[in-house]
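What follows is a single structure, written as structure tokens, with notes after it.
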Amino acid sequence: MEMLNIHNTVEDLVFAEVEEIFNSIEESGNPDQICTCQQCRIDTACFVLNRTKPRYIISNRGVARTETQPFEQQQKEADIITLVHEGIRQVNHNQRPFFSHKDSSENAVSFEKPVFNIPTIIGRLFNGLNFAPMADITIELRHEGKLVEMKDQNWQNPYHLVSNIEGTYTFWSSPIPAEAAGIYRIFEFAIQIEAPDFERVHHVFNIPVLSELKAVGSFSLGRTFKLPDLFMFPPGGEGEDNLAG
Ligand SMILES: [Zn+2]
């Protein structure tokens with residue numbers, strides 16, 4: 001069976017640049033005392049992604065094809081780096097509440113046994129009527145009907161969306177024990193959102209994961225799973241599919 005994947009190459013570029021710039025800030029001794037925690041990295045990546053045009057390719061059996069010219073590519077990278085620096089300023093200025101901004105490796109549950117490391121899940125939620133980012137709403141991540149346990153207390157589930165983060169929500173699941181390393185399994189998750197003036201959202205998605213020898217201690221933007229944007233509608237519409245068109 002042939003597997004076709006639609007992939008946004010700009011996402012890879014953004015995640016790589018964000019990671020590199022944050023790491024170089026840490027290596028330089030962080031003179032401006034910028035928070036370099038996982039959540040602030042994700043928020044910065046989302047800030048940049050929301051301001052760049054996606055570039056989709058179809059990858060076939062892992063072989064990605066793109067027709068981007070080298071010059072165009074360099075220009076795009078320069079633009080992205082500029083946006084990353086702007087994002088770092090904005091995010092640092094506007095740190096999200098309900099979050100301790102601590103390095104999660106200090107208080108993470110450690111697993112010495114093989115596990116499935118579930119990637120960090122990132123998504124955005126909009127009002128389908130005016131495309132405004134949703135705020136003051138609670139989002140649940142569920143697996144087999146139950147709320148998914150988060151990796152440590154820095155991460156919340158249910159997740160409470162506040163107004164200054166432009167509808168972006170994130171989850172980092174606790175690793176799931178595996179019998180051995182190298183086992184391929186598909187995990188089914190659901191995003192569930194209920195709000196008084198909107199139709200319930202129940203978005204089911206799968207994440208394929210290869211088990212590893214131990215839990216991933218530190219966060220990496222390379223280990224992220226980006227959900228499609230979700231839209232909420234008042235009751236009575238054709239609210240069957242909450243995905244973007
Ligand atoms: Zn932070």
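The values are calculated or read from the model by the stated rules, or taken from the named source; none is laboratory data. Fair warning: this is a prediction, and the values are worked out from it, not measured in the lab. Neighbour counts run over all protein chains shown; Cβ positions are idealised from the backbone, glycine included. Accessible surface areas use protein heavy atoms only, side chains included; no ligands, DNA or RNA. Shrake-Rupley method; radii C 1.70, N 1.55, O 1.52, S 1.80 Å.
Things worth noting here:
- Any hit, the range 109-128, residues being open to solvent by less than 50 Å² (accessible area, probe 1.4 Å) and at pLDDT below 70: no
- Test: residue in the range 76-91 that is modelled with pLDDT of 90 or more, assigned by TED's automatic domain parsing to the domain that holds Pro196 and closer than 20 Å to Asp229 by Cβ: no
- Residue list for the range 184-206, filter: touching a residue at least 40 places away in the same chain (Cβ under 8 Å) and of a type in the set (A, V, I, L, M): Ala190, Ile191, Ile193, Ala195, Val201
- In summary, Lys151 fulfils each of the numbered conditions (1) open to solvent by less than 40 Å² (accessible area, probe 1.4 Å); (2) in contact (Cβ under 8 Å) with a residue 60 or more places away in the chain with the single exception of condition (2).
- Filter result for Ser104 (touching an Asp or Glu at 6+ places or on another chain (Cβ under 6 Å), more than 22 Å from Leu49 (Cα to Cα), within 16 Å of the ligand (Cβ to nearest atom) and at pLDDT below 90): yes
- If you filter the range 134-164 down to residues that are of a type in the set (Ser, Thr, Tyr) and part of a strand (DSSP E or B), you find that the one that is modelled with the lowest pLDDT is Tyr159.
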